[in-house]
Amino acid sequence: MAEMESDQEVNKLAAIKAATLDLAKALGLRLESGHRLRISAQPPIRSAEPEDKRSLRITMARAWATAMLATDREFGSGLTGAPAWAMLIDLYISQVDGRPVTISDAGHAARVPSTTGLRWVRVLEDRGYIYRQDDRKDGRRVFLRLTALGLERLELVLDRVAESDTKIGLGRMSLIE
C-alpha cells in the first residue's frame, strides 16, 4: 500500500515537473545550458520548526531580491511590482547586514529614477513602514530604516512565503549539471 502511495506521489511530481517545463517553454524561459530540472519525491529536510526563523526570513528576502533582479534582466525593468517592495526588501537585508541605506540607495535597489524613488520613500514613510535617520557623521546625509511596524509586516510576509514553500515543496527542486 505504501509503495502504491509512493508511486502516486512520484507520478504527481512528474506531472508537476512537466507542467512547470511546459509553462517555462510557453513563457520563453529556459534553463541554463547543460542543466536539467530534478524534482525529488522526498520532502526537503526541515525540522517542524525552523532552527532560526530570522535566518529563514533573511534567506527568503535574499532569494526574493535575486528573483526580482533576474526578472528585470530577462523581461526588462518594471515587471516585478511596485518599487516600494524592492525598497522594503533591500532595507530588511541591509538592516540585518548592518549596512546603512540612503534615499538614493533605496531608489537604486528599486531600479527607479531618483525622483520616483523619493516619491516611494514618502509613501512608505506616510504609511509608517520606514523612517529617516540623520547620519551622525555627515549632517547632509539621511539613512532610511524600517519602523517596528514595517519590520513586523515584512517578516509576516516572509513567514507566509516560507510556509507556502513548505506546503508546495519548492525546496525539492534543484538544477542538475
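Laid out as a table, the results:
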item: Estimated distance in nm for a label pair at E125 and K137, the labels positioned 7 Å out from Cα along Cα-to-Cβ; result: 2.3
item: Theoretical gain in end-to-end length, T115 to N11 [0.36 nm per residue, Cα-Cα removed]; result: 32.3 nm
item: 15 Å cut-off, amide nitrogen to a point 7 angstrom out along T59 Cα→Cβ, residues in segment 144-166; result: 158-166
item: Gained length - H108 relative to A148, 0.36 nm times residue gap less alpha-carbon distance; result: 12.0 nm
item: Segment 47-168: C-alpha gyration tensor shape, a/c 1.5 cut-off, then a/b vs b/c; result: oblate
item: Segment D72-W85, length gained on full extension (0.36 nm per residue, minus Cα span); result: 3.3 nm
item: In sequence order, calculated HN-Hα J values of segment 106-113 (Karplus, 6.51, -1.76, 1.60; Hz; x Gly/Pro); result: 4, x, 5, 4, 8, 6, 10, x
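A short reminder: the numbers here are calculations on the coordinates, not readings from a lab. Quick caveat, the model's predicted, so the values are computed rather than measured. Note: ideal-geometry Cβ built from the backbone for every residue, glycine included; neighbour counts use all protein chains shown.
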